[in-house]
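Peer 1: Next up is a structure, given as structure tokens.
The values are calculated or read from the model by the stated rules, or taken from the named source; none is laboratory data. Note that the structure is a prediction, hence the values are computed from the model and not measured. Cβ placement follows ideal geometry from the backbone for every residue including glycine, while neighbour counts extend to all protein chains displayed. Each accessible area value is taken on the protein alone, full model and side chains, heavy atoms only, with ligands, DNA and RNA left out. Shrake-Rupley method; radii C 1.70, N 1.55, O 1.52, S 1.80 Å.
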Amino acid sequence: AFNPLPSTKVPVINALGQVVAENITSKIKVPPFQNSAMDGYAITSNSCIKASSKNPTTLSVTATIGAGQIPNKNVSPTTAIRIMTGAQIPNGADAVVPFEDTNETELLSNNLPLTKIKIYKKVISGQYVRPAGEDISLGQLIVSKGTIVNPPIIGLLSSVGIKSISVTKRPTVAVISTGSELVAPGSRLSKSKVYDSNQFAISAYVKSCGGIPKLLGIAKDDIEDISSKIKQGLDADMIITSAGVSKGDYDLVKKVLSDFGNIHFWSVQMKPAKPIAFGIINRKNQPPVPLLGLPGNPVSALIGFHKFGKPAIYKMMNKPIATKQNIVAILEDAIINKDNRRIFARVLVYRKNNQYFAKLAGKQGSNLMSTVVNANGLATCPETSLRMMPGEKISVEIFDWSDIN
């Protein structure tokens, strides 16, 4: 139901994580001119063929060039120009002698002028000279279409003077929480009310995937209110709701989804996040908008988004679906499968004696958000297994490697 979005032009600094929509070539050389790789003296190498600590070569210093300055004097076999790192190599010079291979420190410590300098080492042509185009040549392909922009690429593009590039658009995702019992964080919590966490957790997840969340607030358990919120999200590339997709009297999202378009599926053979709904919302004279209805329990909402929402956003951004980073670990706690669903258990994985172990991150209730925070992976108990016991090997999808040594 999802396709890559069209391309758009954005500033390079804002393109992090987006997919480049066209091949990019350089219109300049990098570096654009020969420059010095060291602070030292630009010289003609032939003038110092016999230079040594016992028999130094003495040259007259005719100028000093700093980075960003244009040389206005040439170098001859009897002269040198003092030069700083990054400064343009003057005409006549083919090598740079670092300060430490000269007597500059001695002259400065004695308050003597730098009019003549002694060279204590033999110099080779090209020494400490960065050639023009050494990094990037004129017309070179520097970023290919389909590349995901990362910080080094931003630096590379900036180094050739590119200010903006064409990338696949970030999808805008409208996020709606439903439930008359919900109040916004920061509000007074009266009896029978709970704080809404799903809208913010899902929006953060959308943002971490590269999407742009559009928070539409809380819809009460009311057909008109849910319909109104969905209408506000019709300008988005996808709508995500939480709650209202189960079998209760107040689970109304499916009803509204049917009124606005078509339900493609409802209920998935997984645990948590069984009551997931997906459908298409119709719009006048515009393409339809996909709607992903997540369960209301916060753990189910996050797992449901991880398995369904994240791949959808990646598809819209033209990103390759991230390869699952699965490992095999030894299970430390039993996982009981009572109703033949594929169980995604929140586990804490650690490494010991070059072997991975996985223990449950706490009770596995779909309302226990702390177990997601404490987990670094999802262990999969297949729908064909009635139980998995301690000591068995289990497949684990790792989503946080930071605390696994």
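Peer 1: So is GLY391 surrounded by 12 or more Cβ atoms within 10 Å (Cβ to Cβ), in contact with a strand residue (DSSP E or B) (Cβ under 9 Å, 6 or more places away or on another chain) and assigned to a loop (DSSP other than H, G, I, E, B) or not? Steps first, please.
Peer 2: Values: surrounded by 12 or more Cβ atoms within 10 Å (Cβ to Cβ): no; in contact with a strand residue (DSSP E or B) (Cβ under 9 Å, 6 or more places away or on another chain): yes; assigned to a loop (DSSP other than H, G, I, E, B): yes.
No; evaluated as a whole, the condition is false for this residue.
Peer 1: Here are some residues: LEU302, LEU294. Which one is in contact with a strand residue (DSSP E or B) (Cβ under 6 Å, 6 or more places away or on another chain) and either at positive phi or open to solvent by less than 40 Å² (accessible area, probe 1.4 Å) (or both)? Steps first, answer last, please.
Peer 2: Numbers: LEU302 fails: in contact with a strand residue (DSSP E or B) (Cβ under 6 Å, 6 or more places away or on another chain).
Of LEU302, LEU294, the one residue that is in contact with a strand residue (DSSP E or B) (Cβ under 6 Å, 6 or more places away or on another chain) and either at positive phi or open to solvent by less than 40 Å² (accessible area, probe 1.4 Å) (or both) is LEU294.
Peer 1: Check whether at least one residue in segment 64-74 is surrounded by 13 or more Cβ atoms within 10 Å (Cβ to Cβ) and in contact (Cβ under 8 Å) with a residue 60 or more places away in the chain, and report yes or no.
Peer 2: Checking segment 64-74: not a single residue is surrounded by 13 or more Cβ atoms within 10 Å (Cβ to Cβ) and in contact (Cβ under 8 Å) with a residue 60 or more places away in the chain.
Peer 1: Separate question: Considering only segment 183-239, how many residues are in contact (Cβ under 8 Å) with a residue 24 or more places away in the chain and among the basic types (Lys, Arg)? Reasoning before the result, please.
Peer 2: Quick first cut of segment 183-239, residues in contact (Cβ under 8 Å) with a residue 24 or more places away in the chain only: 183-184, 197-199, 201-203, 205-206, 209-223, 226-227, 229-230, 232-239.
Pick out the ones that are also among the basic types (Lys, Arg) and you get 214, 220, 229.
Adding up the residues that qualify gives 3.
Peer 1: Return yes when ARG351 is open to solvent by less than 40 Å² (accessible area, probe 1.4 Å) and in a strand (DSSP E or B) and no when it is not. Reasoning before the result, please.
Peer 2: Values: open to solvent by less than 40 Å² (accessible area, probe 1.4 Å): no; in a strand (DSSP E or B): yes.
So ARG351 does not fit the description; no.
Peer 1: Do we have any residue at all in segment 84-100 that's assigned to a helix (DSSP H, G or I), touching a Gly at 6+ places or on another chain (Cβ under 9 Å) and on the phi < 0 side of the Ramachandran plot? It would help to see each step written out before you state the result.
Peer 2: Here is the first cut: in segment 84-100, the ones assigned to a helix (DSSP H, G or I) are 99-100.
Those left that are additionally touching a Gly at 6+ places or on another chain (Cβ under 9 Å): 99-100.
Subset that is on the phi < 0 side of the Ramachandran plot: 99-100.
The answer is yes, given that some residue of segment 84-100 is assigned to a helix (DSSP H, G or I), touching a Gly at 6+ places or on another chain (Cβ under 9 Å) and on the phi < 0 side of the Ramachandran plot.
Peer 1: Can you confirm whether segment 208-215 contains a residue that is over 30 Å from THR25 (Cα atoms), open to solvent by less than 70 Å² (accessible area, probe 1.4 Å) and within 17 Å of the chain's Cα centre (by Cα)? If you could, list the steps in order and put the result at the bottom.
Peer 2: Taking segment 208-215 first, the residues over 30 Å from THR25 (Cα atoms) are 213-215.
Keeping just the survivors that are open to solvent by less than 70 Å² (accessible area, probe 1.4 Å) gives 213-214.
Among the residues that remain, those that are also within 17 Å of the chain's Cα centre (by Cα) are: 213.
Yes: segment 208-215 contains one or more residues that are over 30 Å from THR25 (Cα atoms), open to solvent by less than 70 Å² (accessible area, probe 1.4 Å) and within 17 Å of the chain's Cα centre (by Cα).
Peer 1: Related question: For segment 122-183, please list each of the strands (runs of 3 or more DSSP E) lying entirely inside it that holds at least 3 residues being surrounded by 15 or more Cβ atoms within 10 Å (Cβ to Cβ) and in contact with a Gly (Cβ under 8 Å, 6 or more places away or on another chain).
Peer 2: Qualifying strands (runs of 3 or more DSSP E): 172-178.
Peer 1: Among the residues of segment 105-113, is there at least one that is among the hydroxyl-bearing types (Ser, Thr, Tyr), surrounded by fewer than 21 Cβ atoms within 10 Å (Cβ to Cβ) and part of a loop (DSSP other than H, G, I, E, B)? Before you say what the answer is, go through the steps one by one.
Peer 2: Step one: filter segment 105-113 for residues among the hydroxyl-bearing types (Ser, Thr, Tyr), giving 105, 109.
Filter once more, keeping what is surrounded by fewer than 21 Cβ atoms within 10 Å (Cβ to Cβ): 105, 109.
Imposing the further condition that a residue be part of a loop (DSSP other than H, G, I, E, B) reduces the set to none.
No, because not a single residue in segment 105-113 is among the hydroxyl-bearing types (Ser, Thr, Tyr), surrounded by fewer than 21 Cβ atoms within 10 Å (Cβ to Cβ) and part of a loop (DSSP other than H, G, I, E, B).
Peer 1: Also: Identify, by number, the condition in (1) of a type outside the set (Ser, Thr, Tyr); (2) open to solvent by 60 Å² or more (accessible area, probe 1.4 Å); (3) more than 28 Å from SER246 (Cα to Cα) that VAL194 doesn't meet.
Peer 2: Among (1) of a type outside the set (Ser, Thr, Tyr); (2) open to solvent by 60 Å² or more (accessible area, probe 1.4 Å); (3) more than 28 Å from SER246 (Cα to Cα), the lone unmet condition for VAL194 is (3).
Peer 1: Examine segment 239-259 for a residue that is open to solvent by 50 Å² or more (accessible area, probe 1.4 Å) and in contact with a Lys or Arg (Cβ under 8 Å, 6 or more places away or on another chain), and state whether such a residue exists.
Peer 2: No, segment 239-259 contains no residue that is open to solvent by 50 Å² or more (accessible area, probe 1.4 Å) and in contact with a Lys or Arg (Cβ under 8 Å, 6 or more places away or on another chain).
Peer 1: How many residues are of a type outside the set (Lys, Arg), under 16 Å from VAL206 (Cα atoms) and not in a helix (DSSP H, G or I) when one looks only at segment 269-319?
Peer 2: 7
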